[in-house]
Structure formats: structure tokens, C-alpha cells
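Read-outs: derived from the displayed coordinates by stated rules, not from any lab. Not measured: the values here are computed from a predicted model. Cβ coordinates were reconstructed from backbone atoms using ideal geometry, including for glycine residues, and neighbour counts include every protein chain displayed.
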Amino acid sequence: MITFLVCLSALIIAYFTYGRMLEKVCDIDAKNDVPSKTHYDGVDYIPLPRWRIFLIQLLNIAGLGPIFGALLGAAYGPVAFLWITLGGIFIGAMHDLVAGVISIKNCGQSLPEIIGKYMGNGTRTFMRIAALLLMVLVGAVFMSQPAELIAANISFPSLETAMSSTMSWEVFVVIMAILLYYILATIMPIDKIIGRIYPIFGLAVLVMAIGILFALLFNQDKYVIPELTSFKNCLADAKNFPIVPMLFTTIACGAISGFHATQSPMMARCMTNEKQSRSVFYGAMIAESIIALIWAAIAMAFWGGTEGLNNAIAEYGGSAARMVNEISMETLGSYIAPIVVVGIVSCAITSGDTAFRSARLIASDMLNIPQNSLLKRILVSLPLFVGGLLIIFAMPFQTIWSYFAWMNQTLAAITLWCITFYLHRHGKPVVIGLLPALFMTYVCSAYIFVSPMMFGVENRTYAYIFGAVLTVAISIWMWLSNGRSRQEG
């Protein structure tokens, strides 16, 4: 419990300390004009209250990551607490805040356009393709998974049928219903659907986290949270899934996620004051890290430690959804537990709809198509939804998720390099972005050689050396890109 409480306190304190320091580094000024004022269009550039923007951002970035990812990542042991806390404070929340501020100061431009400005046209082209693919992958993942939960009547004992390899007609019908909602949420003005229903979903997410936290704090005799005494890998298959780099991709959204930087421009277009940046961007990420920390803690405590958790993962066939249901039913009871399920479904759906909306904005920025016309919004969005459906019907969930996990962290690494160059160009402390950029570049590079889903080099020493060499090569290329972008500018 001590490790958990220290990490929880560190996350909260960081918002008022490191977050405030980053606020000064970014030269945030309430007097500066914001995109919602200078580019108002009644569709995407619309001023919204801070509390609405915060909830939208939190739900945009949360998804299933801080719940499912944290639960599965907790099988590595208490070292997961350390990654969630340090990653959330110094990498994830910094990444979200600075990327969001850069977008605000560049008229709410989407991530690929911002990266192109600071890293060159070649990187811009790559990011346009990568970001669009990632958004469609996210939309597909967060369309299929809530559909399976809803189709099972949110009754996890029968979830095995809904999650079979053959899609049932019930799942197909629910997917179509979710798709219809996604289409409306993507093309309608942001204040008409997203701005109105997110507070309701946000309440479910917060009740979910607070309920589990209270169960941990007031049932310490029953739920004992392991302490961090070593960096031992407690995973059942530790040989094939070492902490470096596998933990850092298993727990992504709770610590650092490139997906977040694709969502920030949407909120940058709705803010009414630059001073809202710390609460909206840094604060939402800290809140997500806290949610991940809570779920990692209950995952270890509920099954009596990491050994019990690993056994449970094997017993449930890696189905985090069924494990979450068992936790919520016992800790919160049958009356409150459904709120947890609603929270999980809403986390997924509210990330999926904004993923497609973000994809529309990226595509429209890339093609220079104004979005004040409903017909143009439909024309830009239609190919994106077709692509999402093709992915769902053509690829199993595990395959989609493995590609998403690596692409997500790769996008985070590139964004961190962009942040580094932004800080360098404006005479700010480069180390704030450089160290996280180097770390995440190595994580993504090592993953290529370590992961059984990629090269899976058996000799770990060679795998780590290959990862280091690739990191050096990428770093050199990044600095050359920075030089070219300055010449192009």
C-alpha cells in the first residue's frame, strides 16, 4: 500500500509542480488569441467551457488503455506502478501538454502538419499516413470491443460466446449501430453531440475509478497491494516478454500514448484561454495515470499478488473484460458494478468517435478541404469508415491490437522529437523533450527485435544492441530532419 500511496501522491503533486513549470516553459499567456476566436467556424472551432473540454479530453485519451492495459501490465509486478507514475509525469503528461500548446499556437493544426513544420516535409508525409492509419485502427478497435460487450447484454459470464472468432449477428448489428453514432459524432459540430453527452460518460468513468479506490483503501485486510522491493519481472512468460520494452507498450495510455497528441488539436480548437492548457492537457493525462494506477493496484490485490494475477490471466484466456467484471462485482456489488461496465464501454466509444473525427481533421488539413460544409465533411469521412469496417471484418482483434500498440508508441516517440525541436527552436530547455524522446525511440526500436510478434531475436543481448543501433540511427535522422525543416521554413 505504501508504494501505491506514494505513487498516487506523486501524480497529484506533479500537476501543481512540474505541470506549472511546463506551463512557464511553454510561455502560456492568457492574453494571446486562441483558435476558437481567430478561426471560429461553428463546427470544429467552437469555444467550450473548461470543464467540458477537460472531460472530452479525458474521455478522448482514456479508451480501454488505462483499464485493460493496466490490468494486464500489472502482471509484470509492482514495477508497473513506477512506469505509470514516472511515465505519466515526465513523459505522458508533458507530451500531451506541450503538443497541445504547440497546436494552440499554430491555429489548432493537426499533428502531422505541426510535425511537418518542425521536422520537415518528408516527416510530414510519413506522419499523415501513419496518423490516419492509427486513427482508423483505433476507431476499428473501439468499435468492435464495445460492440462485443453490449451484444453480450453486458453479462460477462456469456461473454465467451460474444468474443468467439466467428462474429455473431448480434455483434454485427451493434457494430452497425455504433458506426451510425460514429458517423454522426464525426460530421456534426463538436458541441452538438460530443460536447453534450461526454459529461455523462465522464461521470461513469470517475465513479468507476473512485469506487475501486475506496475498495482498496477501506479493505486493506482483504486487498493487499504488493510493494515495490525489486525490478523483478513477475510475468508468467517473463522470458519472451521482458520488462524492457514490453511493459512500456502493454501499459501505454496510462503512461504515454501517441494517440493523445492526435486528439489534442480538437480541444485546442475549443479552448477560450491558453491558461486552460495545464488543466486540460496535463491534468487529463494525470487523471488517466491515476485511473491506470488504481486498476493496476486492484489487479494485483484482488488475486492475492502477481502470481495469482498471472494465473487469472491464463484462466480467463487474457480476457481483461471478464476480469474487470469479476473485480467490479465483488468490490462494488451488483448495483454499482454496472456503472463500471458503462464506464468501460463509454471509454471505448468516446475514444473511437473522436479517433474518426481526428482522422477527418487530419485528412482535411492534408487535402486543404474546408470543413464548414456538411457534404465535404461526409466526403472526407466516408473512406475512413469504410477502412475501419474492412479492418474489423478482415483482422482478428489480437492482431489489430498488436499493430496498434507498436504504432501508438512510435507515434509518441516522433511527437516527442517534434516537442524537442520546438523547445530548441524557441530557446527552451531541450532536455525536457530529448530524454523522453530518446527513451521512447529505444523502446520502439527494441520492441522490433524483442517482441515475438516481430523479429523475436532469442539472444536478448543482440536484440538490445540492435535496438540501440537503430535508436542512434533514428536520432541522427531526426536531427537532420530538424535542420532541413529550418531551411524549408
Eligible aspartates and glutamates near Lys239 by straight Cα distance, threshold 17 Å, same-chain separation 8 or greater: Glu307, Glu458
Structure-based [θ]222 nm, the chain - -39500 (n - 2.57) summed over DSSP H runs of at least 4, per residue, nearest 500: -23500 deg cm²/dmol
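Taking the Cα centre as origin and putting +1 on Lys and Arg beta-carbons and -1 on Asp and Glu beta-carbons, what dipole magnitude results for the chain, to the nearest 20 debye? Numbers along the way, then the final one.
On the way: 28 positive and 25 negative charges, 294 e Å.
It works out to roughly 1420 debye.
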Cα centroid separation - the range 187-251 against the range 118-141, whole Å: 27
Cα-based reach from Lys428 at 14 Å (exclusive), listing aspartates and glutamates while leaving out same-chain residues under 8 positions away: Glu23, Asp27
Cα-based Rg / Dmax (Å) for the range 222-363: 17.9, 51
The chain - percent relative contact order, Cα under 8 Å, separation 6 or more: 31
Cα lying deepest toward the dipole's positive end in the chain, options Tyr118, Leu235, Phe404, charges on Cβ: Tyr118
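If we sort 302-312, 65-75 on the protection proxy, mean other Cβ atoms within 10 Å, highest first, what's the order? Mind showing how you got there, number by number?
Working: 302-312: 18.8, 65-75: 28.2.
The packing order, highest mean first, is 65-75, 302-312.
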Label corresponding to Rg and Dmax of the Cα atoms in Å when calculated from the structure given, among (1) 21.2, 63; (2) 26.2, 86; (3) 28.0, 117: (1)
Separation of alpha-carbon centers, the range 267-287 and the range 35-54, rounded to whole Å: 12
